[in-house]
RNA sequence: GCCCCGGUGGCGAAAUUGGUAGACGCACAGGACUUAAAAUCCUGGGCUUCGGUUAAACGGGCGUGCCAGUUCAAGUCUGGCCCGGGGCACCA
């Protein structure tokens with residue numbers, strides 16, 4: 001055991017962590033704070049704050065936090081005023097579920113869990129400004145969540161509406177569209193169903209266009225931008241009115257293909273379309289009613305599963321074609337038409353739409369091709385062509401391209417007042433009510449007429465009342481509805497009887513604006529002061545997992561834009577640069593049937609041979625998510641306890657690029673530990689003091705300067721790209737070179753670094769391994785910590801080597817490698833080639849010479 | 001089905017953006033130190049039913065998922081295919 005060295009790291013860890021705890025060097029100063037320096041530029045680097053779960057942080061969460069910590073530390077050294085805060089996303093379903101399961105109050109569990117998280121983070125030496133810690137479930141925070149809600153309510157962005165919403169019976173609450181994936185809850189994977197309910201709803205659709213187009217302003221991963229764009233789902237097209245035959249009424253449809261208007265063979269409505277009832281001909285009533293019955297019985301899932309088997313029913317009534325005289329088009333209903341997209345009705349063009357084609361095939365509707373791929377093509381009714389082409393059988397529009405026809409046909413419809421160009425979006429308004437306990441109460445009450453009225457700002461916060469039994473009600477009503485004394489009250493201003501809204505806000509509410517509160521977390525009078533928000537502006541770098549692509553990241557952008565429009569924030573977007581860290585996975589095992597076996601039930605029999613301990617069944621080693629059930633979760637506390645914090649931080653970064661998924665392997669960590677031990681050995685004498693040569697007046701070896709600058713160049717690039725693995729490699733390589741240079745010295749006169757070189761090295765080491773770097777920095781005689789020491793500047797002149805290895809190639813194949821002077825030119829290289837490559841040149845003539853300075857010489861011969 | 005991203009030694013990975021593939025590290029093997037072990041240090045390593053040699057040194061050939069192409073030169077560029085991961089999927 002290397003107990004001596006391990007203790008060495010632990011002592012260093014504890015010494016510096018308690019010093020940082022005492023001095024709080026990472027406190028960010030706001031304008032007006034004592035010691036504030038207005039000259040400094042700002043940098044706001046933020047982690048997605050966690051929900052403090054009962055199971056604590058695992059090494060996967062840590063990777064993103066360590067990445068931002070490295071950036072924060074380097075930015076401080078570069079002279080920025082760095083805002084790097086942390087807090088708890090404490091309201092919401094997971095916290096409430098956990099409390100219910102453990103039979104505790106969510107207030108208690110939240111406090112216990114966040115205390116645990118904070119301690120874990122401090123052990124990792126994450127340089128947060130803990131004086132800014134926030135908890136979204138505390139009244140001094142959520143009073144401002146409620147205040148912002150009120151501002152958005154007054155702006156007309158919130159409404160109450162009975163609508164078809166996703167209801168989750170297991171969670172006993174309504175969920176947002178974004179929270180339901182393939183008909184199951186994002187949280188817990190429970191089945192959900194559609195129900196008509198009256199809910200609080202945010203008009204996020206009003207911001208659809210800006211949420212889409214402002215993605216261009218953002219330095220975000222392309223995949224996240226694309227997911228948001230897909231979710232918003234913009235399509236350009238036209239709205240067309242079809243006159244109901246024998247009636248004054250019209251049916252509106254939305255289409256992206258007005259160019260196919262002359263190929264319409266039916267008008268198809270969603271079964272839930274409000275006009276359906278009035279359009280059924282008596283002769284068809286029984287058939288239609290049985291179809292309606294069948295389709296309403298189907299769940300959303302079943303309707304989706306029926307994609308390949310479309311069905312529909314003729315209503316027995318007709319509409320008129322808007323551009324063709326005396327053309328009757330039958331009206332149908334069909335499952336595949338969705339009531340809540342577009343207008344809930346489509347014009348069916350079987351020749352040019354896959355689903356319409358299927359319906360036509362099944363129900364013998366005419367297939368009328370009106371677009372052909374090219375001039376030569378003979379249109380066929382056997383297949384469906386959904387691309388653009390050239391119009392036929394479309395009267396005066398024949399011969400136009402699809403693109404031209406879309407414009408001209410839309411114009412023709414506009415002239416007849418039967419249509420217009422229209423943009424449609426997939427995104428729906430945001431259902432904001434939850435029938436659960438652990439969330440912000442709404443700051444809106446109902447008067448006796450049932451009209452929602454905002455509470456006075458002076459009445460905020462509307463406190464979440466204590467409840468012993470806060471479990472969801474069986475009938476789907478909110479738990480708060482059981483508190484009759486709380487619900488019903490007399491308005492203190494008017495004396496009027498009022499009723500509180502008994503739903504609570506979803507977990508997303510607090511996270512929609514927390515990054516603003518961090519700018520001014522203790523302000524009792526405002527959600528954030530003008531001075532603070534105009535100083536910090538917006539988050540410069542935001543790091544977190546990709547899972548939030550269309551939930552938190554879309555909701556927060558929406559709130560922020562609404563606040564921007566109200567003049568309450570200075571920027572149109574909250575997060576300038578976004579970076580997604582990759583998941584840290586772990587090895588797990590599965591048996592031949594594919595079932596996963598917990599790691600602690602597996603024994604190793606040989607290289608790559610594993611089996612179940614008790615049953616002896618062969619096990620295969622695979623890579624899987626860390627999960628309690630697989631018992632493959634790695635806790636950072638354990639790793640730190642065994643190896644020290646700096647080793648842990650280095651290894652987290654050394655495993656691979658921050659954005660890629662990588663498996664945690666315990667064996668690999670020893671390399672990082674060895675590196676840090678080598679650093680100590682290099683710097684320190686037997687007595688624990690730094691090497692006597694590390695003084696200001698010791699001569700500086702050129703080879704050392706070269707190594708240091710080479711290393712710095714790689715570290716700067718690595719931090720820029722979040723490939724921290726190459727920064728660790730650069731430091732290791734640099735240390736190896738320094739050792740070699742030192743060993744080359746004769747006898748006791750080793751070539752150690754002098755003081756300024758040693759300081760250069762420690763500055764580079766500090767963001768990654770702050771404890772060891774700080775300790776050695778102090779031993780070099782510094783009373784001030786490294787936290788604000790200036791980041792080294794690259795000296796390009798010091799990078800220059802005198803010699804390099806010139807590669808000599810014949811026809812692209814490497815034949816010789818020769819050490820030559822950096823300055824060698826083509827003539828010099830040719831001279832060398834003639835003497836070194838004689839055997840390859842004999843009897844051949846040189847056709848071409850390629851000389852790449854400071855790299856290679858390639859001769860093409862034949 | 002459509003759209004992204006990826007595929008490099010036994011393993012995690014690197015490669016100045018077209019210029020020495022495998023840096024750095026793990027695991028492994030051999031050696032030093034030690035009574036021994038641990039720790040530490042040194043050395044080695046892509047493959048090869050090719051030549052060479054007692055063995056080595058050395059040399060040849062092949063090699064970044066597969067097939068073709070562009071180029072003096074391809075992990076890197078182009079086209080096609082296979083595999084893995086992620087996203088979207090009745091959106092009219």
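Each value in this text was obtained by applying a stated rule to the coordinates, not by laboratory testing. From a predicted model like this one, the values you see are computed outputs, not experimental measurements. Here Cβ is always computed from backbone atoms with ideal geometry, including for glycine, and neighbour counts include all displayed protein chains.
Take the alpha carbon gyration tensor of the stretch A:750-859, find the square roots of its eigenvalues, order them as a ≥ b ≥ c, and report rounded if a/c is under 1.5; if not, report prolate when a/b exceeds b/c, else oblate. Here the stretch A:750-859 falls in the prolate category. Subtracting the Cα-Cα distance of residue A:426 and residue A:615 from 0.36 nm times their residue separation leaves 62.8 nm of extension gain. Between the helical axis of A:354-363 and the longest alpha-carbon principal axis of chain A there is an angle of about 30 degrees. What FRET efficiency comes out for residue A:820 versus residue A:796 if R0 is 30 angstrom and r is the Cβ-Cβ distance? Round to the nearest 0.05. Rounded to the nearest 0.05, the efficiency is 0.90. Model label sites at residue A:206 and residue A:388, defined 7 Å from Cα along the beta-carbon direction, differ in position by 3.5 nm. Shape verdict for the stretch A:121-226, please, from the Cα gyration tensor: rounded (a/c under 1.5), prolate (a/b greater than b/c) or oblate. In terms of gyration-tensor shape, rounded. Compute the Cα gyration tensor for the stretch A:489-546, then decide on rounded, prolate or oblate, letting a ≥ b ≥ c be the square roots of its eigenvalues: rounded whenever a/c is under 1.5, prolate when a/b is larger than b/c in the other cases, and oblate in all that remain. Oblate, since a/c reaches 1.5 and b/c is not below a/b.
What list do you get for A:683, A:245 if you sort them by fewest beta carbons within 10 Å? Neighbour counts put them in this order, fewest first: A:245, A:683. Label sites at residue A:162 and residue A:229, each approximated as a point 7 angstrom past Cα along Cα to Cβ, lie 4.1 nm apart.
Going from the fewest other Cβ atoms within 10 Å to the most, the residues A:129, A:646 appear in the order A:129, A:646. What the Cβ-Cβ distance of residue A:105 and residue A:27 gives, at R0 = 22 Å and to the nearest 0.05, is a FRET efficiency of 0.10.
Residues A:440, A:193 in ascending order of nearby Cβ atoms (within 10 Å, fewest first): A:193, A:440.
Between residue A:788 and residue A:256, the contour length at 0.36 nm per residue exceeds the Cα-Cα span by 185.7 nm. Maximal additional length on extending the residue A:852-residue A:14 stretch stands at 296.4 nm, based on 0.36 nm per residue less the C-alpha distance.
The modelled label-to-label distance between residue A:600 and residue A:401, using points 7 Å beyond Cα along the C-beta direction, is 6.7 nm. Using the Cβ-Cβ distance between residue A:736 and residue A:298 with R0 set to 51 Å, the FRET efficiency works out to roughly 0.15. Taking Cα atoms only, the orientation of helix A:755-765 departs from the longest principal axis of chain A by about 20 degrees. Sorting A:657-664, A:230-237, A:340-347 by their mean Cβ neighbour count within 10 Å, with the most densely packed peptide first, gives A:340-347, A:657-664, A:230-237.
Against chain A, whose longest principal axis comes from its Cα atoms, helix A:645-654 is set at around 60 degrees.
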